[in-house]
Amino acid sequence: MADDRADVIRQVKEANDIVDVVGSYLSLRPAGRTFKGLCPFHEDTRPSLDVDPQRQRYRCWSCNKFGDVITFVQEHDRVSFKEALELLARRAGISLEKIGSSQPNSGRAFMLDTLRWAAEQFQKCLLDSPLAEAARRYLGERKLAGDTLRRFGVGFAPPAGDWLVRLAQNQRIGLESLEKVGLIAKRQEGEGYYDRFRDRVIFPIRDVRGQPLGFGGRILPGSPQIARGAPKYYNSAETEVFSKSELLYGLDQARAASDKTGYLAVVEGYTDVLMAHQFGIGQVVATMGTALNARHVQRLRRFAERIVLVFDADAGGDTGVDRALQIFASQEVDLRIATLPEGKDPCDLLVDSGAAPFQQALTDALDALEFKLQQAVSRSVDGGIEGRRRAVDEVLGVIALAPEMPGQSGAIKHQLIVSRIAQRLALKEGVLWARLEELRRAAGNRKLAGEAAHVAQVASAARSAGARDANGGGNSPDEPRQAPAPPVERDLLQVLLAEPELVPHAKAELAPDQISHPGLRRMLEGMYDLHAAGKCADLDNLRPLLDNPRLTELALRWQEIGRMNDNRSAWLARVLEEFRKRRVRPIVRELHNRLQAATDHDKAVELLRRLQNPTEVLDGED
Ligand SMILES: [Zn+2]
């Protein structure tokens, strides 16, 4: 029965090639026999993630993450082992019943299912339902083609107020799950639920692989809801899976085009993205009503080296440009700013004048520093010396506020920035460095005050966590990092993980309580349990029992190391011998003490004899 389960795990792994799966999350390029990409687990600026198709493993040379296709999904999507398995099984079209989902109503994978179901309902409604007549007319007037709407999964939520609730009831979809993903809410008075999106065009917000995580809704013009104070745009609430400040609208559709152009352009609205794609400019995404931030940049950088931020000519304003310059100064990114003519937004510009002017604006984009310099200089045309001084402060003031980039690349970037400003404003570099230092110190004083408050907060949080530990809450076997495992224990697990057939040999001689390290003890217990139940004690069967990404990562790594040793039975024999010595050591010490204290000759001889063969004592004890 449970060996079926191991079969399923094997089947899921075989059906999900690691290069395909990792490549669906980030851009991978072939490099010899492996593939390289930017690691999603740390702030990577040069491709440190190595994906090996032959061994079906990934490894980051910088942050040391390591694992297989299942751990990748676990870590990346922050889901349990089982959920990762479900996601991958679904991806490969393997029946989920085989995996035996015991809790179908919980977890992230289930939320994702619910979101996908809802996205389909909204879209079906827009495409087919008589209820969406007005919505179709509105989108037609906005010149959005049916093909574009389909590609982005655009939908419609009718005005009724319980349309989605009733649909879910008819199709036996749990209302709690719809509530959990922020699509419906409990009525304050009376019974039941109501739809949170009403009379709105629905834009599903999807991750890079096209999975909907949340929704944005635009109210239909002329909707009676407007008179009741409904906002023009409305997003799903933040949930476990939906975080507005991190997501980029349209990235799933834009990533392919960015491979060709080498950059991704960032606009502000859903319809701007839709229209750009409709006009064949595919490398366009949008932030979700928030300014571009460092996390967005990290995400975008996984697909393109250059980012072009698109501002309307009048909008964007100083804060937008300053923020962009700070990101430019503090991140290893080529960040440029494009401005559109005549104060139009991208959608209007494209509809009125076709693709050419928008494309031109993207091509003409200036890097953030150049843009700011031009802005500052043009403001002080009449200025002479005082004007130049003000321009310098305006630019340096922004850079002084940017977090400093660590390492050599940070120093180089700042050198380049300062020498460019010196050149453009005809000033000595030394003067600029001194002024930057002054401004930094002024900004630093403000920041230090903030940091002190933060440190105090962290300390108090740590104290309360410590109190929890004392109550027995913490320090569970989930925390295998407390102390490094003794080498002999590590060796034991390396052998057994590499060759599960040896588990019975170890089991015959070694009890789990002889393993001092809690994480390793848990692995060994798991293997023994599997063997006792008549199952193969291999890592695939063990993983669901561990369900701890850090332990699993360790186990995978050790399995690899173990496999490098050809004569594993001999190795195990040595390891078991080592354990035997470890058990005997306190007995020997005791015998020695007694021998030293012995006054009786016969007794001393007997003690000596036992010392020469201390394991005899051990055998007699059991
Ligand atoms: Zn990494």
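A short reminder: the numbers here are calculations on the coordinates, not readings from a lab. Please read these numbers as outputs of a predicted model, since none were measured by experiment. Note that we place each Cβ from the backbone using ideal geometry, even for glycine, and neighbour counts take in every protein chain shown.
On the beta carbon distance between Lys232 and Leu366, with R0 = 35 Å, the FRET formula returns roughly 0.65. Cβ crowding within 10 Å, taken as a proxy for footprinting-reagent exposure, orders Glu501, Glu246 from fewest neighbours to most as Glu501, Glu246.
Restricting everything to alpha-carbon atoms, can you work out Rg to Rh for the chain with a Kirkwood hydrodynamic radius? Write down the numbers at each step before the final one.
Values: Rg = 31.5 Å, Rh = 29.2 Å.
Using only Cα positions, Rg/Rh for the chain is 1.08.
For the listed residue pairs Lys36/Lys260; Lys581/Lys603; Lys36/Lys244; Lys13/Lys36; Lys82/Lys535, the alpha carbons are over 22 angstrom apart in Lys581/Lys603; Lys36/Lys244. Spacing of the modelled spin labels on Gln171 and Ser24, each 7 Å from Cα toward Cβ, amounts to 2.0 nm. For Ser27, Ser419, the sequence from fewest to most other C-beta atoms within 10 Å is Ser419, Ser27. For the stretch 166-265, which trypsin sites (Lys or Arg not before Pro) pass both filters: DSSP loop (anything but H, G, I, E, B) and at most 15 other C-beta atoms within 10 Å? Passing sites in the stretch 166-265 are Arg172, Arg187, Arg209, Arg228, Lys232. With the helix formula -39500 (n - 2.57) applied to DSSP H stretches of n ≥ 4, the chain reaches a computed 222 nm mean residue ellipticity of -18000 deg cm²/dmol. When both the stretch 391-435 and the stretch 1-62 are represented by their alpha-carbon centers, they are found 40 Å apart.
Relative intensity of the stretch 182-332 on a log10 scale, I(q)/I(0) at q = 0.19, 0.20 Å⁻¹, equals -1.21, -1.30, per a Debye sum over C-alpha point scatterers of equal strength in the absence of solvent.
Relative contact order for the stretch 485-582: 42 percent, from Cα pairs under 8 Å spaced at least 6 residues apart, divided by residue count. Summary of the geometry: the stretch 225-262 and the stretch 110-148, compared by the centres of their Cα atoms, lie 16 Å apart.
Take every pair of alpha-carbon atoms less than 8 Å apart whose residues are at least six positions apart; their mean separation over the length of the chain yields a relative contact order of 9 percent.
Which Cα, out of Val19, Gln225, Leu178, lies furthest along the positive dipole direction of the chain (beta carbon charges, K/R +1, D/E -1)? Farthest along the dipole direction, towards plus: Gln225.
On the basis of the beta-carbon distance and an R0 of 45 Å, Ala31 and His592 show a calculated FRET efficiency of 0.15. Computed on the stretch 248-373, with alpha-carbon pairs under 8 angstrom and 6+ residues apart, the relative contact order is 27 percent.
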